[in-house]
Amino acid sequence: MELTFRWYGPNEEKITLQQIRQIPGCCGIVGTLFDIPAGEVWPRGRIHQLRQMVEDAGLTLKVIESVNVSDDIKIGTPLRDRHIEAYKETIRNLAAEGVEVICYNFMPVFDWVKSDLDYKLPDGSSTLAFVRKNIPDDPQQIIDTVADGSAGFTLPGWEPERLSQVRALLDAYKDVDEDRLRENLVYFLKAIIPTCEECGVKMAIHPDDPPYSMFGLPRIIKNREDLDWLCNAVDSPCNGITLCCGSIAEEPGNDIYSILAEFTRRGRIHFVHMRNIKYISPEEPGNKDFYEAPHPSECGSLDMVEMMRALHDNGFTGYMRPDHGRMIWGETGRPGYGLYDRALGIAYINGVWEALEKAGCKAGE
Ligand SMILES: [Mn+2]
């Protein structure tokens, strides 16, 4: 297991690589070229520059999050083959620079959805939350909420240029139901997985966040059955998963512990987003509201040791990062992606992992 930290690049961040290097136990950056629109090739030279910068700081660049899949590929327009060729070229360029894992998602229009980007906790910190009654019926309003709450940063999946066309975009998806979206994902994977096999890159799909339908849009990576379908649809170790613990657990009916265990055993989890969430009113039937809690088990609704144990005991050897963090100690920045709380997350995750490793050695003596 190797711990990493998501970083958006020098022009998109006030967090420096030097700061990240000082987080004990953090080996690498989860990087991106944030400015390249979906559908275009990531030039080898730009990737090389990023890698050089990261390696000069004493860190590695083995995971990319995300190489976004264009709406044309998700909808299946005549442009998709051209975009798929560009995607394959990007895979080759990333592989040539030593990248091993590519995180992506197949969510239509909206990447993750939260209702609150500045949800206040009793200790004075703030975090991301999903409170159903605060989700507007009009998708334009949620775009405005995210834009207003993002402290001047562009949030992943919420590119203003793309979303300025939201009504046209929603219209373009009107004939895309879950079956059609599945067909289009399989079409995409069948085209790119041979390239991944050739150059030794693993694709890792991020589950839908939240793992149920919003604004009438289809969602196809929500639970154990969907992940099983994905693995069988294109049966290659290169067709894998970014297991986002928080996203999967946002549906309380999902058994996150057994999902982690099963897909680690099957060799399909290449990247993990480790996150704790706290259900806000679990006693109300059907209520799935939650906020993103600090990492320790006692702060949220998930048992972090049991999640880590499911990975550890089934032989997990991939990359992991703390998912989002709160804003603490007066920090301001991109919601979910401050320095301090994510660094605390890494420290905690490392502690749990070390305990599991040593207990495992002892048991095996
Ligand atoms: Mn995630």
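Quick notes on this structure:
- Residues satisfying the stated conditions in region 103-117, i.e. over 17 Å from Q165 (Cβ atoms), out of contact with any Lys or Arg (no Cβ under 7 Å at 6 or more places or on another chain) and not charged (D, E, K, R): C103, Y104, N105, W112, V113, S115, L117
- Residue among T90, T154 that is farther than 30 Å from P282 by Cα, buried (at least 19 other Cβ atoms within 10 Å of the Cβ) and among the polar types (S, T, N, Q): T90
- Screening region 259-365 for strands (runs of 3 or more DSSP E) wholly inside it with 2 or more residues that are farther than 21 Å from S126 by Cβ returns the ranges 269-274, 319-322.
- Qualifying residue in region 234-253 (condition: over 23 Å from V352 (Cα atoms), of a type in the set (A, V, I, L, M) and either at pLDDT 95 or above or outside any strand (DSSP E or B) (or both)): yes
- Residue within region 72-81 that is part of a helix (DSSP H, G or I), in contact with a helix residue (DSSP H, G or I) (Cβ under 6 Å, 6 or more places away or on another chain) and surrounded by fewer than 21 Cβ atoms within 10 Å (Cβ to Cβ) present: yes
- Under the condition of being closer than 21 Å to R326 by Cα and buried (at least 21 other Cβ atoms within 10 Å of the Cβ), the residues counted in region 263-288 number 6.
Rundown of residues vs (1) in contact with an Asp or Glu (Cβ under 6 Å, 6 or more places away or on another chain); (2) over 26 Å from E12 (Cβ atoms); (3) surrounded by fewer than 22 Cβ atoms within 10 Å (Cβ to Cβ), yes/no style:
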site	(1), (2), (3)
S301	no, yes, yes
L311	no, yes, no
N314	no, yes, yes
T332	no, no, yes
G338	yes, no, no
A343	no, no, yes
I346	no, no, no
G351	no, yes, yes
E357	no, yes, yes
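- Residues in region 175-212 that are among the hydroxyl-bearing types (S, T, Y) and exposed (fewer than 14 other Cβ atoms within 10 Å of the Cβ): Y212 alone.
- Residues that are farther than 16 Å from D209 by Cβ and either of a type outside the set (S, T, N, Q) or in contact with a helix residue (DSSP H, G or I) (Cβ under 7 Å, 6 or more places away or on another chain) (or both), drawn from region 279-299: I280, P282, E283, E284, P285, G286, P294, H295, P296, S297, E298, C299
- Filter result for Y291 (under 20 Å from F130 (Cα atoms), away from the ligand (no atom under 16 Å from the Cβ), at pLDDT 95 or above and aromatic (F, W, Y)): no
- Candidates K133, K114: the one that is within 20 Å of the chain's Cα centre (by Cα), more than 30 Å from G200 (Cα to Cα) and of a type in the set (D, E, K, R) is K114.
- Of all residues making up region 314-335, the number that are closer than 16 Å to G31 by Cα and at pLDDT below 95: 3
- For region 104-115, the condition of being over 18 Å from E250 (Cβ atoms), outside any loop (DSSP other than H, G, I, E, B) and at pLDDT 95 or above holds for at least one residue.
Here's the yes/no breakdown for (1) within 16 Å of the ligand (Cβ to nearest atom); (2) touching a helix residue (DSSP H, G or I) at 6+ places or on another chain (Cβ under 8 Å); (3) under 22 Å from Y291 (Cβ atoms):
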residue: I102; (1), (2), (3): yes, yes, no
residue: W112; (1), (2), (3): yes, yes, yes
residue: A129; (1), (2), (3): yes, no, yes
residue: R132; (1), (2), (3): no, no, yes
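- For region 189-242, a residue qualifies if it is among the hydroxyl-bearing types (S, T, Y) and away from the ligand (no atom under 15 Å from the Cβ), and the qualifying residues are T195, Y212, S213, S236.
- Among the residues making up region 1-51, those that are within 16 Å of N93 (Cα to Cα) and basic (K, R) are R44, R46, R51.
The values are calculated or read from the model by the stated rules, or taken from the named source; none is laboratory data. Please read these numbers as outputs of a predicted model, since none were measured by experiment. Using ideal geometry, Cβ is built from the backbone for each residue, glycine included, and neighbour counts are taken over all protein chains shown.
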